[in-house]
1. Hey, does the stretch B:142-152 have a residue that's in contact (Cβ under 8 Å) with a residue 12 or more places away in the chain, touching a helix residue (DSSP H, G or I) at 6+ places or on another chain (Cβ under 8 Å), surrounded by fewer than 24 Cβ atoms within 10 Å (Cβ to Cβ) and assigned to a loop (DSSP other than H, G, I, E, B)?
2. Kindly establish whether A:Ser259 is away from every other protein chain (no Cβ under 14 Å), touching a residue at least 12 places away in the same chain (Cβ under 8 Å) and among the polar types (S, T, N, Q).
3. Which one is farthest from the other protein chains (Cβ to nearest Cβ), of the residues in the stretch A:311-324 that are touching a Ser or Thr at 6+ places or on another chain (Cβ under 8 Å) and touching a residue at least 40 places away in the same chain (Cβ under 8 Å)?
4. Quick check: is even one residue across the stretch B:301-315 in a helix (DSSP H, G or I), in contact with a Pro (Cβ under 7 Å, 6 or more places away or on another chain) and over 21 Å from A:Trp323 (Cα atoms)?
5. Could you say whether any residue in the stretch B:73-82 is crowded, with 24+ Cβ neighbours inside 10 Å and either aliphatic (A, V, I, L, M) or in contact (Cβ under 8 Å) with a residue 24 or more places away in the chain (or both)?
6. Tell me the residue from B:Pro235, B:Pro214, B:Pro245 that is free of Cβ contacts under 8 Å to residues at least 40 places away in the same chain and not small (Gly, Ala, Ser), please.
7. Which condition number in (1) basic (Lys, Arg); (2) within 14 Å of chain A (Cβ to nearest Cβ); (3) in contact with a Phe, Trp or Tyr (Cβ under 8 Å, 6 or more places away or on another chain); (4) closer than 27 Å to B:Ser134 by Cα is the one that B:Lys274 fails?
8. Find all pairs meeting these conditions: Cβ atoms under 7 angstrom apart; at least six residues apart or on different chains; first residue within the stretch A:289-307 and in the same structural domain as A:Val183 (by TED's automatic domain parsing); second residue surrounded by fewer than 16 Cβ atoms within 10 Å (Cβ to Cβ).
There are 2 protein chains.
Amino acid sequence: MTIHPPAPALTIPSYADMLAAADRIAPHIRRTPVRVSDYLNRLTGADLFFKCEMFQEPGAFKLRGAANAVFGLSEAQASKGVATHSSGNHASCLSYAAMLRGIPCHVVMPRTAPQAKKDTVRRYGGVITECEPSTTSREATFAEVQAATGGDFVHPYNDPRVIAGQGTCSKELVEQTGGLDAVVAPIGGGGMISGACLTLATLAPTCKVIAAEPEQADDACRSFRAGRLIADDAPETVADGLKVPLKDLTWHFVRNHVSEIYTASEDEIVNAMKLIWKHLRVVAEPSSAVPLATILKNRNAFAGKRVGVILTGGNVDLDKLPWT
Amino acid sequence: MTIHPPAPALTIPSYADMLAAADRIAPHIRRTPVRVSDYLNRLTGADLFFKCEMFQEPGAFKLRGAANAVFGLSEAQASKGVATHSSGNHASCLSYAAMLRGIPCHVVMPRTAPQAKKDTVRRYGGVITECEPSTTSREATFAEVQAATGGDFVHPYNDPRVIAGQGTCSKELVEQTGGLDAVVAPIGGGGMISGACLTLATLAPTCKVIAAEPEQADDACRSFRAGRLIADDAPETVADGLKVPLKDLTWHFVRNHVSEIYTASEDEIVNAMKLIWKHLRVVAEPSSAVPLATILKNRNAFAGKRVGVILTGGNVDLDKLPWT
């Protein structure tokens, strides 16, 4: 019995895939607003345009890729649903998208994941199978769940459907701002950055794509400098959405289309997060603050430029803020 | 020597004044977005449309009225600037509007006001004169400042220019939502509620105007029930923007156009504030949360209705959140 399906081939999504994703997901996502702040513009010397992806119903851009995968399934596959392993925003966004289509969503999650994350997945109808907090247990448990359910595996980022979906965010950002010199987004697994590369390479080829990464989880930066994929071993950072490593598909986009990768320290990330809350008055999670942290740190690279900044999500524990 | 100018007559602003205000302030304010949340809709049984006034640059709707007053001044008066007494959002919004026009703004503020509030006024070029924290000292100090500077007094709410400016918020809300059964806004001095009455009585006469007030500062509710203006003596509430009493002009609108005034306890306000941060992912100050608190408490009055909720501001001390 084959319990693992064959690994998907390295299918690079195209600009047309992104356009198709935009049409497919339009009824299910929000065209999130762009925020500006005179204060942050003065502080950085740049014209900053903040794309508020925390305003997606489940609170993160990951709904775009999840919805593209879920609503692109054939009826036959849809009846078996989708499956993933994640303890973060991908799990809740995939559950939410599956709920919108009325199909099952199976999520393998470490039993040690925060109760709030489990509650959110269950609120959206996701069915959780708990595993031990190890890669071995996760993979074995996921294989069992998939064999039992036939759910289509939607990887959090190393999936062309997901990347095409995330690319729709940069499309909106360009449309809403009327043109940009650069887009800065956080990089963890690289799904959002890959989507930005995919879209901007065609839609706005003079617009640079710049990735922002925590110093303490800087596998993308080290890979970028080395010209080959380097994985971190269990990094620890307040920007918990960015701990995961690049994979082959996202590395393809990073290597070929990203102009620069800047990093920021934990203190710089928390400081930028507080500036966003105070001056943009949106609830942004630490991962979302890494771009502003790197812009403040590399002022000369951005001064005088029109810069899009993707605020990726806003799911935080309000009782445990990183500055209190 | 006359140190007090004559008290302004009770000039009721008209719908045409509101329309003129909308044109006058359009270049200086933001058309703030409207947020919705499937979660909060399920929780309340209503269709809620949250108008995000914390997204004005100085973080509060009060920029609308302040900008209408500042940009409506003659050149001769403008050269002498404006003056007010306030330790809250009106002071920073009036300073910001005056800075945009390049005219002086004089603010009388108790020396005991939080340093952060003084810093914000000064950041926008406002000139602060400190007084003792008593009404006597404030009035005497303000009279001196006004006599010395000739600054035009812009009252935080009991001023027809201010009310006409605040009315532009409900105009946008109706345009952005395509029609509502009710608008709920917090009530303190009554400037925002009066603006809503002014606009909706003509633009959407079937749309009810409902005021939401802290139980611990319920002068408007008691006045409404009694049919006459009753002032509180120094109320204390977490919704610090709502401690001030109604005045003759705002009482006119409340008495004639408000359908209902609901109140909420301190715990209910803090609980609603946390729901807004968590599910709308915007930074709202306690005053902004009073409407949702009253909607949750009076579910039957709102279920099945399309309800606009004005989130009035987002200036909070992130180091002293009311739930920590």
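1. Yes, because at least one residue in the stretch B:142-152 is in contact (Cβ under 8 Å) with a residue 12 or more places away in the chain, touching a helix residue (DSSP H, G or I) at 6+ places or on another chain (Cβ under 8 Å), surrounded by fewer than 24 Cβ atoms within 10 Å (Cβ to Cβ) and assigned to a loop (DSSP other than H, G, I, E, B).
2. In short, yes.
3. That would be A:Thr312.
4. Among the residues of the stretch B:301-315, not one is in a helix (DSSP H, G or I), in contact with a Pro (Cβ under 7 Å, 6 or more places away or on another chain) and over 21 Å from A:Trp323 (Cα atoms), which makes the answer no.
5. yes
6. Values: B:Pro214 fails: free of Cβ contacts under 8 Å to residues at least 40 places away in the same chain; B:Pro245 fails: free of Cβ contacts under 8 Å to residues at least 40 places away in the same chain.
On inspection, the qualifying residue turns out to be B:Pro235.
7. Unmet condition: (4).
8. Pairs that qualify, where the first residue is in the same structural domain as A:Val183 (by TED's automatic domain parsing) and the partner is surrounded by fewer than 16 Cβ atoms within 10 Å (Cβ to Cβ), are A:Arg299/A:Gly45; A:Ala303/A:Gly45; A:Gly304/A:Gly45; A:Arg306/A:Gly179.
The values are calculated or read from the model by the stated rules, or taken from the named source; none is laboratory data. Quantities reported herein were computed from a predicted structural model and do not represent experimental measurements. Using ideal geometry, Cβ is built from the backbone for each residue, glycine included, and neighbour counts are taken over all protein chains shown.
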